[in-house]
Amino acid sequence: MTLPDPQAIIERFVAACEADDRIMAAFLGGSRARDRADEFSDVDLCVITRDDAFDDVVRDRPSLIEALGEPVFVEDFGHAEVVSFVLADGTEAEIFFGREGALGDLWPGRHRTLFDRSGILEGVRFEEERSDLAENEDALRQSLSWFWHELSHFVKAIGRNQLWWAAGQLEALRNHCVNIVRIEQGVLVGDEPYWKLDDEVRTAAIEPLEATFVPMERDVLLAAGHILVSFFRERAPRVAAAHRLIYPADLATVMVKRLDDLPSGIDL
C-alpha cells in the first residue's frame, strides 16, 4: 500500500501557521513525534493560538485544512479543540487547538516543534495522555449494572431465536468485558473498547474472549454468552471492590439463572 508522504502536509501546515499572526506556535505529536509511525499512521498536528484569538482560529478551521489539501472528510465529533480530516490524496490527520495561556491543558507527551513565533514552547514538556480516574469509575459504575441489562436482552433474543439481535447483544456484552480489563489495567475507557487494544493492555487477560467470536448459530451464540458471563463474573467483583463500588450480586444471580434456564444442545 502506497500512502502520501506526510512531510508535504507538514510543510504546508507550517507555512499556513507562519502566515497567520493569530497562531503563536505549532508542533507535531503522536507516533510521528515518537518515531513510532508506520505506513498506517495519521498525522497529529497542534496549533497554539493567542489567548484572544482562539475562538477565531477554531472557527476558521476549514481554511486551515484547505491550505493543506482538498478535504473529502472533516469532523470534530462535537469537540471544538480537535478536528479530524481526510484529504483527497489519502492523508489522514488531526489538528488539535490550544491557547498560549493554557499549555497545561494539552497532553501530547513527546512532541516536535514545527513553528514557534516567540519561543513559548522552549523547555516545555507535555505530559502523556493518561487515564482519567473519574471517567473510568463512571464507566465501571455503568458496566456493573448495564452488563446485566444487555444480558437480559441477549436472553430474550436467544429465547425468541432472533439471531441478529442475539449477535448484537453478544458484542455489547463483550465490550463490557473488554472495558473491565481496561479499567483493571488502568487504561482509559472510551467510546471504542477495541481502540489500540493490542498496544494498551496486556492481551493475555482477554484471550478467553477469542472463543466468543462465533458464527451466527443459536447454540454457538448461547455458548459464547456463557463464556462472557463467566469472564465478567470473575473480574467485575474485584475491579468493583478496588474502586470501592458495589457489585450487584443479587442482580447477577437473577440474570444468570435466566441464562441457565435456556435450553442448549452444546455441552458447556
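What follows draws every value from the coordinates through simple rules; no lab data is involved. Keep in mind that what you see is a predicted model, and the values were worked out from it rather than measured. Note that we place each Cβ from the backbone using ideal geometry, even for glycine, and neighbour counts take in every protein chain shown.
Computed from the Kirkwood radius of its Cα pairs, the Stokes-Einstein diffusion coefficient for the chain at 10 °C and 1.306 mPa s stands at 74 µm²/s.
Principal axis analysis of the Cα atoms in segment 133-260 yields extents of 40, 33, 22 Å, listed in decreasing size. Report summary: the helix-based calculation at 222 nm, which adds -39500 (n - 2.57) for every DSSP H run with n ≥ 4 and divides by the residues of the chain, gives -14000 deg cm²/dmol. Here's the picture: charge each Lys and Arg Cβ at +1 and each Asp and Glu Cβ at -1 in the chain, and of 165, 121, 82 the one pushed furthest to the positive end of that dipole is 165.
In the chain, the longest principal axis of the Cα atoms and the axis of helix 218-242 are about 70 degrees apart. Each principal axis of segment 6-116 carries a Cα extent, and these read 37, 28, 27 Å when sorted largest first. Relative to the longest principal axis of the Cα atoms of the chain, helix 163-184 runs at roughly 60 degrees. Quick check: the angle from helix 133-159's long axis to the longest principal axis of the chain, C-alpha only, nearest 10 degrees? In the chain, helix 133-159 runs at an angle near 40 degrees to the longest axis.
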